[in-house]
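The values are calculated or read from the model by the stated rules, or taken from the named source; none is laboratory data. Treat the numbers as computed from the prediction; the structure is a model and nothing was measured. No Cβ is skipped: glycine too gets one built from the backbone with ideal geometry, and neighbour counts run over all protein chains shown. The accessibility values were calculated without ligands, DNA or RNA, using every heavy atom of the protein model including side chains. Shrake-Rupley method; radii C 1.70, N 1.55, O 1.52, S 1.80 Å.
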Amino acid sequence: MADRETELSVRLAPGVAAIDAGAWDRLAGSDPFLSHAFLSALEDSGSVGPGTGWTPAPIIIEDETGALAAAAPAYLKTHSQGEYVFDHGWADAYQRAGGQYYPKLQIAVPFTPVPGPRLLGHFPQQLLAAAEAVTVQNGLSSAHITFLNDAGAAECDRRGWLIRHGIQYHWHNRGYGSFDDFLAALTSRKRKAIRRERAAARDGLEFAALAGSAIGAAEWDAMWAFYQDTGSRKWGQPYLTRAFFDRIGEELGDRLLLLLAYRDGRPIAGALNLVGPDIIYGRYWGTIEEVPFLHFELSYYQAIEWAIEHRLSSVQAGAQGEHKLARGYEPVISRSAHFLADPGLRQAVATYLGGERAAIAAEAEWERAALPYRAASSG
């Protein structure tokens with residue numbers, strides 16, 4: 001494909017690993033999940049690729065000199081697992097009507113429900129046109145962009161893609177000097193409840209916060225065991241391979257923060273976070289011993305403490321989880337965009353999404369009213 005007016009060429013690459021790292025990262029900016037290191041680690045470790053249902057097919061736009069001008073992390077999908085925006089109902093309905101929903105085109109960071117840019121560079125409309133062309137020319141049912149930022153959603157809306165809303169829960173740092181300052185902003189009842197939870201979770205345990213090269217082979221082995229336990233219970237089998245953790249340990253350095261809990265010197269639980277310039281992202285949690293409230297301690301409270309200490313503005317702790325509200329995390333609207341090639345399917349989904357967006361807006365409004373902050377502390 002070519003755009004004669006702007007002399008751009010568009011193609012699918014065989015993977016992010018095949019693209020120059022410096023050129024990709026200049027487009028991706030500081031988002032750790034869009035970095036060449038993170039996306040190529042998924043490919044090189046076998047977490048995506050043959051046998052996974054995620055075939056890397058990044059869309060890239062090059063200028064007349066062959067320089068990378070725009071890109072989107074894209075995958076051909078043969079299922080809807082690992083996306084966290086659920087379209088299984090659409091697939092079932094389309095297939096009952098005689099259509100073939102899979103394969104589909106997915107523009108996303110695999111297994112990562114973290115909002116951010118997905119249309120990288122200065123040519124978002126051309127990237128969207130390319131995604132549409134790939135879909136139609138290859139007989140795919142649809143193209144989807146999940147967890148895209150507001151600017152990307154606006155570009156999709158301009159082009160007539162269907163916009164879907166969801167809810168996540170993020171913690172916001174309002175200039176707190178300490179965790180106690182944060183607690184002071186909560187109602188007395190919630191403040192006391194969090195202190196009780198932390199005391200119960202910490203009883204008899206020791207804790208460590210390790211970053212970058214301080215995370216050694218033994219710690220990665222422990223985190224892998226924790227992740228396997230969580231993955232087996234949630235998804236039947238873990239999405240990520242053991243090699244993925246080794247790769248990001250080598251490549252991402254101080255953008256990794258591992259919070260560990262020990263009993264008698266032995267790690268029993270862990271929460272792996274990625275750190276951006278102003279946000280800490282909680283990603284993988286697991287445990288080999290059930291301890292009341294330990295999940296909240298490692299995944300939520302210690303992440304908040306770390307963010308306050310390092311003057312970060314936000315903690316994002318993954319998809320879903322209304323239980324985060326009682327712990328100071330606030331509802332935030334997430335967005336996805338959908339191009340459906342079949343007019344009948346598009347109309348049915350558009351009707352559904354209209355009602356769903358209204359319901360999501362009402363739910364978010366109710367949740368904001370139920371936040372545990374004292375009235376003078378919210379804002």
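Considering region 272-286 alone, what residues qualify as being part of a strand (DSSP E or B), free of Cβ contacts under 8 Å to residues at least 40 places away in the same chain and open to solvent by 30 Å² or more (accessible area, probe 1.4 Å)? Answer for region 272-286, where residues must be part of a strand (DSSP E or B), free of Cβ contacts under 8 Å to residues at least 40 places away in the same chain and open to solvent by 30 Å² or more (accessible area, probe 1.4 Å): just Ile279.
Residue-wise test of (1) touching a residue at least 12 places away in the same chain (Cβ under 8 Å); (2) surrounded by fewer than 21 Cβ atoms within 10 Å (Cβ to Cβ); (3) farther than 21 Å from Ala57 by Cα.
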| position | (1), (2), (3) |
| --- | --- |
| Tyr94 | yes, no, yes |
| Gly98 | no, yes, yes |
| Val114 | yes, no, no |
| Gly121 | yes, yes, no |
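How many of the residues in region 123-162 are hydrophobic (A, V, I, L, M, F, W, C), in contact with a strand residue (DSSP E or B) (Cβ under 6 Å, 6 or more places away or on another chain) and surrounded by fewer than 18 Cβ atoms within 10 Å (Cβ to Cβ)? The total comes to 0. Only residues that are touching a helix residue (DSSP H, G or I) at 6+ places or on another chain (Cβ under 9 Å) and either open to solvent by less than 20 Å² (accessible area, probe 1.4 Å) or aliphatic (A, V, I, L, M) (or both): list them for region 303-327, please. Within region 303-327, Ile304, Ile308, Leu312, Ser314, Val315, Ala317, Gly318, Lys324, Leu325, Ala326 qualify.
I'd like the residue in region 77-86 that is in contact (Cβ under 8 Å) with a residue 60 or more places away in the chain and within 30 Å of His122 (Cβ to Cβ) and, out of all such residues, is surrounded by the most Cβ atoms within 10 Å (Cβ to Cβ). If you could, list the steps in order and put the result at the bottom.
So the first thing to find is which residues in region 77-86 are in contact (Cβ under 8 Å) with a residue 60 or more places away in the chain, and the list is 81-85.
Pick out the ones that are also within 30 Å of His122 (Cβ to Cβ) and you get 82-85.
Details: Gly82: 21, Glu83: 23, Tyr84: 20, Val85: 19.
Per the criteria, the residue is Glu83.
Is one or more of the residues making up region 39-51 in contact (Cβ under 8 Å) with a residue 40 or more places away in the chain, farther than 22 Å from Arg255 by Cα and open to solvent by 50 Å² or more (accessible area, probe 1.4 Å)? Within region 39-51 (the criterion being in contact (Cβ under 8 Å) with a residue 40 or more places away in the chain, farther than 22 Å from Arg255 by Cα and open to solvent by 50 Å² or more (accessible area, probe 1.4 Å)), the answer is no, since none of the residues qualifies. Residues in region 122-159 that are over 12 Å from Leu105 (Cα atoms) and assigned to a loop (DSSP other than H, G, I, E, B): His122, Phe123, Phe147, Asn149, Arg159.
Quick one: in region 259-271, of everything that is more than 10 Å from Leu298 (Cβ to Cβ) and not in a loop (DSSP other than H, G, I, E, B), which residue is least open to solvent (accessible area, probe 1.4 Å)? Residue satisfying both the conditions and the ranking: Ile268.
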